[in-house]
Structure formats: C-alpha cells, structure tokens
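Only one structure is covered here, and it is reproduced in the block below.
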Amino acid sequence: MDDELMSKFAAWRRRDLLTEAEFAQVSQQLLGNSASVPEWISKLRNACALAESGQISLSDFKAIKARIFGTNRARINLEKNADSPGDLNVASAESLSILRICTGIACVIGLFPLPFAHAPLLIILQYIMVLKICEKFGRRPGWSLVLIILAAVLGPLVFGIILRFIPFARSIFGAVVAGAFTWYIGAKIRALCMGGLEFTFHNFINCRIKFN
C-alpha cells in the first residue's frame, strides 16, 4: 500500500484531524492485503486535505467524517452478516416478534387511568424491548437510546395529562399513543441493527423502518 498516503494520514492524526480510533481504522485498511484504495479512504483523504488548507470549516469536516466512518462501519457489519444470512433472517424474524409483543403490552399499559402510573412502566418495557432486539443482532444499546426512550415517553405522558378530563377518550387514546410510540422506538432500533448503523440520534431519526 502507498507509504506516502499512510504518512499523510499519520500527519493528519498528529494535527488532531483524526482521532486514535479513526486513524486505527485507516491504518487497518491501508496495512491490509487490499491492492486498491477503498472509496471511503479516498473521500477521507480529500476531506482531510480540505480541512488542513482551511477550505472547509471544522464543523463541516466533522460532519463529513461522521458520514464516512458511519457508512464504513455499516458496510463492515453488513459484510459480516452476509457470511451467515440464515442467522440474519432468524434475528430479523425474532426481533419483529419482540416488537409486536411489546407494542401489544404497551397498549395495555396505556389503558391505565393515571398517566403517571403508566409512564414508568412504559420506560421499563421499552428499555427491555430495546435490549432484547439488540441481543438478537449481537448489539449493545448505548446511553443515547435510554435518552430516546425517555423523550418518547413524554409524548403519551403529556397527552394523557391533557385528556384526563375526558374519561371516555383518555383510556383509548393512552393505549393508542403508548403502543404507537413503543412500536416506533422498537422499529427504529431494529432498523439500526439490521443496517449495521451506530446508535446515534442522527441515525435513529434518519434510518428507514423495515416492516419485514
């Protein structure tokens, strides 16, 4: 592999344009057996050169890096999964069953008359659901997912408080909203796992939900 290219990346690491983890990924690729430079390495080289010369801002450079390394990690995970498509299909089917079961339980929890009573139960249920889905794909959820769950629970909680003066609508609405929010969180986490994406807010919002 091109020694000059490796030296450039080492210099960019010394200038803090790359983190230790990012430089390790680059080094692993460049010191491997591949005879050609991957596309993501070329994109990263161009981005580093532009950042070094001041042609792009530091914030734009970090955003570009996040996309480059995120795409590369997803590609690696997908390649690993491709070695055992049967296992991936099993994980997909089992995680979908978990999603459906937890959504049903959330609807039942949403029938509770007091919003403050079902909010803690929803948090516990959704966190267990996330753990179970991630386990099927050999993943571990990060703290960002806990924050996502807490934020999602605010929806049914707030609406439940607003509708507490409408007894007939409150229970039905609580069940629908609790189930919908739980399904949304589980479906998004499942999509992240199936796509091999990192557990970040950006990926969580932008990933496409898979229905099978």
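The values are calculated or read from the model by the stated rules, or taken from the named source; none is laboratory data. No experiment lies behind these values; they were computed from the predicted model shown. Counting neighbours? That spans all protein chains shown, and the Cβs are built from the backbone with ideal geometry, glycine included.
Within segment 1-52, how many residues turn out to be part of a loop (DSSP other than H, G, I, E, B) and either hydroxyl-bearing (Ser, Thr, Tyr) or modelled with pLDDT of 80 or more (or both)? Reasoning before the result, please.
Keep residues of segment 1-52 that are part of a loop (DSSP other than H, G, I, E, B), which gives 1-2, 15-19, 31-38.
Next, from what is left, pick out any that are either hydroxyl-bearing (Ser, Thr, Tyr) or modelled with pLDDT of 80 or more (or both): 15-19, 34, 36.
Looking only at that region, the number is 7.
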Query raised in the report: Can you name every residue in segment 91-124 that is buried (at least 17 other Cβ atoms within 10 Å of the Cβ), under 21 Å from residue 204 (Cα atoms), at pLDDT 85 or above and touching a helix residue (DSSP H, G or I) at 6+ places or on another chain (Cβ under 6 Å)?
Result: 95, 98, 99, 102, 103, 106
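If you check 160, 196, 174, 138, which single one turns out to be in the same structural domain as residue 92 (by TED's automatic domain parsing) and either modelled with pLDDT of 75 or more or of a type outside the set (Gly, Ala, Ser) (or both)? Reasoning before the result, please.
On the way: 160 fails: either modelled with pLDDT of 75 or more or of a type outside the set (Gly, Ala, Ser) (or both); 196 fails: either modelled with pLDDT of 75 or more or of a type outside the set (Gly, Ala, Ser) (or both); 174 fails: either modelled with pLDDT of 75 or more or of a type outside the set (Gly, Ala, Ser) (or both).
Every option except 138 fails the conditions.
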Query raised in the report: Among the residues of segment 181-193, is there at least one that is more than 21 Å from residue 67 (Cα to Cα), part of a helix (DSSP H, G or I) and modelled with pLDDT under 75?
Result: no
